[in-house]
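Colleague: Before I ask anything, here is the structure I am working with.
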Amino acid sequence: MRATVIYGAGDVRVETVPDPKPSEPTDALLRVVRSCICGSDLWPYGSMPARERGVRIGHEFLGVIEAIGSDVTTLKTGDLVVAPFVYSDNTCQFCREGLHTSCLRGGNWGAKGVDAGQGEAVRVPQADGTLVKLPHTEDDDLLASFLTLSDVFSTGHHAAVKAGVNERTTVTVIGDGAVGLSAVLAAKRLGAERVILMGRHQSRTDLGREFGATDVVSERGDEGIEKVRELTNGEGTHTVLECVGTKPAFEMGVGAVRPGGTVSRVGVPQYQEGPIGPSLFRRNITVTGGVAPARHYIPELLDDVVEGRYQPGKVFDRTIGLEEVPDGYRAMADREALKVLVKP
């Protein structure tokens with residue numbers, strides 16, 4: 001089959017790889033019908049050291065089950081399913097607590113002999129625990145929204161949940177990428193009436209307004225912090241959802257949050273140290289967030305997507321075929337595309 005392989009910074013290729021086959025009784029074989037490129041994929045695309053043997057990449061996909069192992073009981077061939085961005089058994093102590101990203105028998109796509117999502121097919125370990133059945137559809141817009149459940153919409157929701165967003169909280173979202181826009185949508189869904197989006201790309205912030213942002217701040221650094229405070233009577237917002245992952249974004253979050261507030265980070269941190277000393281202590285700031293347990297959230301979010309109450313799939317602004325994936329990476333890295341959907 002054909003699949004995406006990364007060899008180093010700027011070097012993404014689509015190659016022929018061995019066809020996946022179920023190897024454990026808990027496996028399922030999935031034919032991919034939609035996948036996509038994630039903003040977090042751009043970190044290795046921008047900085048990964050060159051290597052002779054490439055590694056598979058991609059962790060957001062949905063597809064149709066073509067085969068199942070003997071121990072798989074909740075799924076059948078022909079089912080349309082979505083895969084969260086990590087696999088899990090959904091039964092261990094951490095999964096039962098809603099922390100599927102720490103599953104004792106889970107793991108990452110593309111690691112330790114496991115297929116990655118940007119390809120024609122995937123062997124899914126722990127299929128019963130990992131995959132969530134979807135209603136069958138051929139509607140491109142609905143399939144796109146289903147695909148966001150695998151990562152970005154669930155991640156934006158995680159940021160809002162960890163921050164405690166509700167109808168009584170004001171929110172600042174830092175970042176106008178797909179996760180940031182999903183966080184705006186998630187905050188609106190949880191009842192927030194004031195959502196300030198910090199972003200500087202108008203096509204993206206326009207979508208943010210459609211998703212529920214009430215204000216847009218294009219300034220960065222101290223200027224951006226000051227603008228947020230101007231909009232909030234000098235106080236800052238109750239919550240900040242940091243959806244970038246850089247130290248300057250975290251620093252803006254600390255500056256924009258009000259005393260007693262919460263900064264929730266879901267942008268994958270690209271730094272080891274941050275401003276968590278006396279200034280946060282004196283202001284009683286909570287720092288939270290982390291890797292989103294998408295498998296925990298998908299059942300909650302799915303009904304709203306099926307019913308069309310929310311359309312997170314609007315974050316996709318370019319659709320390509322599998323062979324075009326290298327150009328899709330380039331387009332996202334060059335800010336020519338917000339989020340690229342792959343239709344094998």
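The values are calculated or read from the model by the stated rules, or taken from the named source; none is laboratory data. Note that this is a predicted model, so its numbers are computed, not measured. Cβ placement follows ideal geometry from the backbone for every residue including glycine, while neighbour counts extend to all protein chains displayed. Side chains are part of the model used for accessible areas, which takes the heavy atoms of the whole protein and leaves out ligands, DNA and RNA. Shrake-Rupley method; radii C 1.70, N 1.55, O 1.52, S 1.80 Å.
Colleague: Report every pair of residues separated by at least 6 positions or lying on different chains whose Cβ atoms are under 9 Å apart, first residue within the stretch 279-298 and without any contact (Cβ under 8 Å) to a residue 40 or more places away in the chain, second of a type in the set (Val, Ile, Thr) and in a loop (DSSP other than H, G, I, E, B).
Modeller: That search, which allows pairs on different chains as well, returns Ser279/Ile285; Ile285/Ile276; Val287/Ile276.
Colleague: Quick one: which of Lys162, Lys133 is basic (Lys, Arg), in contact (Cβ under 8 Å) with a residue 60 or more places away in the chain and outside any loop (DSSP other than H, G, I, E, B)? Spell out how you get there, then give the answer.
Modeller: Working: Lys133 fails: in contact (Cβ under 8 Å) with a residue 60 or more places away in the chain.
Within the list Lys162, Lys133, the selection yields Lys162.
Colleague: Checking the conditions here, which among Val82, Val72 is of a type in the set (A, V, I, L, M, F, W, C), crowded, with 18+ Cβ neighbours inside 10 Å and in a loop (DSSP other than H, G, I, E, B)?
Modeller: Val72
Colleague: Let me ask another. Residue pairs, Cβ under 9 Å, 6 or more apart or interchain, first in the stretch 1-30 and open to solvent by 10 Å² or more (accessible area, probe 1.4 Å), second of a type in the set (Phe, Trp, Tyr) and assigned to a strand (DSSP E or B). List them.
Modeller: Arg13/Tyr7
Colleague: Another question about this same structure. Working carefully through the options Arg229, Arg265, Arg220, find the one that is over 15 Å from Val195 (Cβ atoms), surrounded by 18 or more Cβ atoms within 10 Å (Cβ to Cβ) and at pLDDT 95 or above.
Modeller: When all the criteria are applied, what remains is Arg265.
Colleague: Quick one: what pairs do we get from the stretch 62-78, first residue under 18 Å from Asn90 (Cα atoms), second surrounded by fewer than 13 Cβ atoms within 10 Å (Cβ to Cβ) and small (Gly, Ala, Ser), C-beta under 6 Å, 6+ apart or different chains?
Modeller: none
Colleague: Let me ask something else about it. State all residues of the stretch 126-168 that are of a type in the set (Val, Ile, Thr), open to solvent by 10 Å² or more (accessible area, probe 1.4 Å) and under 14 Å from Gly313 (Cβ atoms); if no residue qualifies, say none.
Modeller: Thr137 - this is the single residue of the stretch 126-168 that is of a type in the set (Val, Ile, Thr), open to solvent by 10 Å² or more (accessible area, probe 1.4 Å) and under 14 Å from Gly313 (Cβ atoms).
Colleague: Working only within the stretch 207-227, note down all residues that are assigned to a helix (DSSP H, G or I) and free of Cβ contacts under 8 Å to residues at least 24 places away in the same chain.
Modeller: Within the stretch 207-227, Arg209, Glu223, Glu226, Lys227 meet the criteria.
Colleague: Of the residues in the stretch 232-251, how many are open to solvent by 10 Å² or more (accessible area, probe 1.4 Å) and not hydroxyl-bearing (Ser, Thr, Tyr)?
Modeller: So the count comes out to 9.
Colleague: If you take the residues of the stretch 191-206 that are open to solvent by 20 Å² or more (accessible area, probe 1.4 Å) and touching a residue at least 12 places away in the same chain (Cβ under 8 Å), which of them is nearest to the chain's Cα centre (by Cα)?
Modeller: Filtering the stretch 191-206 for residues that are open to solvent by 20 Å² or more (accessible area, probe 1.4 Å) and touching a residue at least 12 places away in the same chain (Cβ under 8 Å), the one nearest to the chain's Cα centre (by Cα) comes out as Arg204.
Colleague: A further question on this structure: Quick one: in the stretch 326-344, which of the residues that are among the aliphatic types (A, V, I, L, M) and more than 17 Å from Ala144 (Cα to Cα) is nearest to the chain's Cα centre (by Cα)?
Modeller: Looking at residues that are among the aliphatic types (A, V, I, L, M) and more than 17 Å from Ala144 (Cα to Cα), I get Met332.
Colleague: Go through the stretch 51-69 and report how many residues are crowded, with 18+ Cβ neighbours inside 10 Å and under 13 Å from Val32 (Cα atoms).
Modeller: 7
Colleague: Which condition number does Val325 fail, the rest of (1) outside the structural domain of Asp139 (by the TED database); (2) touching a residue at least 24 places away in the same chain (Cβ under 8 Å) being met?
Modeller: Only one criterion in (1) outside the structural domain of Asp139 (by the TED database); (2) touching a residue at least 24 places away in the same chain (Cβ under 8 Å) is unmet by Val325, namely (1).
Colleague: Might you check whether a residue that is assigned to a helix (DSSP H, G or I), among the aliphatic types (A, V, I, L, M), at negative phi and at pLDDT 95 or above occurs anywhere in the stretch 110-126?
Modeller: No.
Colleague: Surrounded by fewer than 20 Cβ atoms within 10 Å (Cβ to Cβ), of a type outside the set (A, V, I, L, M, F, W, C) and under 18 Å from Asp317 (Cβ atoms), is that true of Ser182?
Modeller: Details: surrounded by fewer than 20 Cβ atoms within 10 Å (Cβ to Cβ): no; of a type outside the set (A, V, I, L, M, F, W, C): yes; under 18 Å from Asp317 (Cβ atoms): yes.
The answer is no for Ser182.
Colleague: Return yes when Arg51 is of a type in the set (Lys, Arg) and not in a loop (DSSP other than H, G, I, E, B) and no when it is not.
Modeller: So Arg51 does not fit the description; no.
Colleague: Any residue at all in the stretch 281-288 that is within 29 Å of Leu42 (Cα to Cα) and within 19 Å of the chain's Cα centre (by Cα)?
Modeller: yes
Colleague: Being buried (at least 24 other Cβ atoms within 10 Å of the Cβ), of a type in the set (Val, Ile, Thr), in contact (Cβ under 8 Å) with a residue 40 or more places away in the chain and not in a loop (DSSP other than H, G, I, E, B) narrows it down to one residue among Thr101, Thr172; which is it?
Modeller: Numbers: Thr101 fails: buried (at least 24 other Cβ atoms within 10 Å of the Cβ).
That would be Thr172, the only listed residue that is buried (at least 24 other Cβ atoms within 10 Å of the Cβ), of a type in the set (Val, Ile, Thr), in contact (Cβ under 8 Å) with a residue 40 or more places away in the chain and not in a loop (DSSP other than H, G, I, E, B).
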